[in-house]
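Novice: Before I ask anything, let me first share the structure, which is written out below as structure tokens.
The values are calculated or read from the model by the stated rules, or taken from the named source; none is laboratory data. From a predicted model like this one, the values you see are computed outputs, not experimental measurements. Note that each Cβ is placed from the backbone with ideal geometry, even for glycine, and that neighbours are counted across all protein chains shown. Quick note on the areas: whole protein, heavy atoms, side chains included, nothing else; ligands and nucleic acids left out. Shrake-Rupley method; radii C 1.70, N 1.55, O 1.52, S 1.80 Å.
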Amino acid sequence: MTTDSVAPVNGVSELFQLLRDGVPRTRAELAKSTGLARSTVAVRVEELMRMGLITPVADAVSTGGRPPSQFAINPAAKVVIAADIGASHATVAMADLTGKVLSEKTGVLDIALGPEPVLSWLMEGATELLAASGRAASDVAAMGIGVPGPVEHSTGQPVNPPIMPGWDRFDIPGWIHQHMPTPVLVDNDVNIMALGERSVAWRGIDHLMFVKVATGIGTGIISGAELQRGAQGIAGDIGHVQVARGADIPCQCGNRGCLEALASGPAIARALRADGIEAYTGSDVVDLVKRGNIDAIQAVRQAGRDIGEVLTICVSLMNPSVIAIGGSMARVGEHLIAGVREVVYTRSTPLATEYLSIVQSVAAEHAGVIGASMLAIEHALSPESLSSGFLRV
Ligand SMILES: [Zn+2]
């Protein structure tokens, strides 16, 4: 390494990884946690301060003019841009380095318009949010984007996404780079929701499944503290698993009896309509349940049982400790979850369910955008990014 190199002092990121949780620590505490000599810690703390990534924290007790002895991450050193692009709506947000959303913009946006109009909306939104807070594009440490389809995570390209015409193999990071030179991470929307849910409500939990029940049904799987994407980015795509009860019901994928054809919002609406009840969308079903319509409540509970049937297999495979149910249909409240619990707790082995919580998503409609910001932060603050010198502020 030459003397004018911009790479930080060797091992500086190791110290920073400790401080990322926001808890202020003294040099002595940092030395104890890392096993490094006090003198080495002092040099690395100076380097992180020079990079702007950590900041001195005032001591609780006045030190009578002595220099501050505690340090913590400086959340405002950089920002990340997070986007949650759904089938018909999108949200773009700006967050600090701890994942706190600082501002956001939501719009009605049809993913089927294709990549250029949708990504243009996203970039315009990002530019607006940055300008409104006096931030420059160079302040963006990374961008995280969730899309409603399978994604090859290493390249950020959607792969054969069924409801995203024109997006197959589209180079999302490449397109963004023409407008903003920042690292771009792209993932499936349910995967980022799992990251968001864990960040908001289950930080210490390493085995979590997030189930999105909306127009489609899918899960994001965190196992061993890592998001599991599988070989083609479709791990957790349970919407087209066959459920016995629906053997005759056609699914838009071409098969029959898929979970999605039975238990998604539109599927429940269709079943109610067949019984003469006016319901055309998942939203109509939610409204009926909230008004106490018994048929709608029973249909939602049955959908919960159908989802539970498939989740029982997932529980046997993955042994999660939390299953969080989210997506627009989760707004029906306990009726859906009661159906899921009824089946999973009855059909799984006692050991698998002894400590298993099946709960409503806490992050709810914010899960996606918070998860997208976590995806961006994980990349931006990784030891690799730090040692590349990219984050120098
Ligand atoms: Zn299907």
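Novice: Amide H to amide H, which residues 5 or more places from residue 152 or on other chains are under 5 Å from it, using H placed in the peptide plane?
Specialist: 157, 159
Novice: What part of the accessible area of the stretch 148-264, given as a whole %, is carbon or sulfur when the probe is 1.4 angstrom?
Specialist: 50 percent
Novice: Show that you can apply the helix-only estimate: for the chain, add -39,500 (n - 2.57) for every DSSP H stretch of four or more residues, divide by all residues, and state [θ] at 222 nm to the nearest 500.
Specialist: Here the helix-only value at 222 nm equals -12000 deg cm²/dmol.
Novice: State whether the stretch 261-305 is rounded, prolate or oblate according to the following rule on the C-alpha gyration tensor (a ≥ b ≥ c being the square roots of its eigenvalues): a/c under 1.5 gives rounded; otherwise a/b larger than b/c gives prolate, and the remaining case gives oblate.
Specialist: Note, shape of the stretch 261-305 comes out rounded.
Novice: At a 1.4 Å probe, what is the % contribution of carbon and sulfur to the accessible area of the stretch 291-355?
Specialist: 56 percent
Novice: Another question, then. Ignoring ligands, DNA and RNA, what accessible area per residue does the chain give at 1.4 Å, in Å²?
Specialist: 45 Å²
Novice: Along the positive direction of the dipole of the chain (beta-carbon charges: Lys, Arg +1; Asp, Glu -1; about the Cα centre), which of 216, 157, 98 reaches farthest?
Specialist: It is 98, whose Cα lies furthest towards the positive end.
Novice: Within the chain, which is the longest segment that contains none of the GluC sites (Glu not before Pro) sitting in a DSSP loop with at most 13 other Cβ atoms within 10 Å?
Specialist: 1-277
Novice: With both partners inside the chain, how many of the DSSP beta bridges are antiparallel, as a percent to the nearest 5?
Specialist: Expressed as a percentage, antiparallel bridges in the chain total about 60.
Novice: Another question, if that's okay. Which shape class, rounded, prolate or oblate, goes with the chain when its Cα gyration tensor gives a ≥ b ≥ c as root eigenvalues, a/c under 1.5 marks rounded, and past that a/b bigger than b/c marks prolate?
Specialist: Prolate is the answer for the chain, as a/c is 1.5 or above and a/b outweighs b/c.
Novice: Another question about this same structure. In the stretch 152-265, if the dipole is taken from +1 on Lys/Arg beta carbons and -1 on Asp/Glu beta carbons about the Cα centre, which of 235, 199, 262 is farthest to the positive end?
Specialist: Of 235, 199, 262, it is 262.
Novice: Rounded, prolate or oblate: which fits the stretch 315-379, taking a ≥ b ≥ c as square roots of the Cα gyration tensor eigenvalues, rounded meaning a/c under 1.5, else prolate when a/b beats b/c?
Specialist: oblate
Novice: Nearest 20 debye, what's the magnitude of the dipole of the chain about its Cα centre given +1 on Lys and Arg Cβ and -1 on Asp and Glu Cβ?
Specialist: Computed charge dipole of the chain: roughly 880 debye.
Novice: Magnitude of the Cβ-charge dipole of the stretch 185-322, K/R +1 and D/E -1, about the Cα centre, nearest 20 debye?
Specialist: Approximately 160 debye in magnitude.
Novice: While we're on this one: Specify the residue with the greatest mean-square fluctuation among 224, 276, 236, computed from a Gaussian network of the chain linking alpha-carbon atoms under 10 Å apart.
Specialist: Comparing 224, 276, 236 in a Gaussian network model of the chain, the most mobile one is 276.
Novice: Next question, about the same structure. Of 375, 336, 15, which is the most mobile in a GNM of the chain whose springs link Cα atoms less than 10 angstrom apart?
Specialist: Its mean-square fluctuation being the largest, the pick is 15.
Novice: Top mean-square fluctuation among 36, 130, 19, Gaussian network model of the chain, C-alpha springs under 10 Å?
Specialist: Comparing 36, 130, 19 in the GNM, the peak value goes to 36.
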